[in-house]
Amino acid sequence: MATAAEAEEPVFAPIDPHPSKTVKREDVPVLLHERPVTDAKMLIRVLRDHLPDKVKRLVLVCEEFDQMVLPDVMDKFEEWLNIVIIECPNFGKDEKEHLHSLAELSGARILKGDADESLDNSPFGQAEFVEVSAESVVSFRVGDRSVVIADANEVMVIHATEDGEENEEERLARLACEDETS
């Protein structure tokens, strides 16, 4: 039998990554990284220092995301991580025009992942609307301007859903995953 204190704690599920291909986010911070994300400590520091909200809700656009980073990040923020990771392998082929256009649109500073890179100022930008289609076409919008990335390789959604209180974007992501697995 649960105590009164335990009963008040929210139950979160699932926080495992899943390849949801239909995702929508509104008024969301944007983090840009031009190289593969391989350092959990750097990502944790950026999230801790520059996203003050308890729920770490953001869109990360990077060349590649090392799956070994995810357990450390998830462990640090537990059920409060809500992130859409968009991998764009063409960044590694010096095809960074989308990255620079997105930085200009959102106001984000592009991280390079250098060990001596200054993280004193927030690297986050902001998008009014982000949509990932079933074909992994990603649209970012701020005002009447937009940037479309048509060559995203992989989209991962990692989020915690409070049991019984699934919002519309989480419901759509879950349904998209269920459709892909059935």
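Throughout, read-outs are computed from the coordinates displayed, never taken from laboratory work. A quick note: this is a predicted structure, and the numbers were derived from the prediction, not measured. Cβ atoms come from the backbone with ideal geometry, glycine included; neighbour counts cover every protein chain shown.
The table below gives the values:
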{"read-out": "Sorted by Cβ density within 10 Å, fewest first, the residues Phe91, Phe129", "value": "Phe129, Phe91"}
{"read-out": "Cα lying deepest toward the dipole's positive end in the stretch 38-124, options Ser101, Leu70, Ile83, charges on Cβ", "value": "Ile83"}
{"read-out": "In the stretch 54-95, the GluC sites (Glu not before Pro) that fall in loop regions by DSSP, at most 15 other Cβ within 10 Å", "value": "Glu95"}
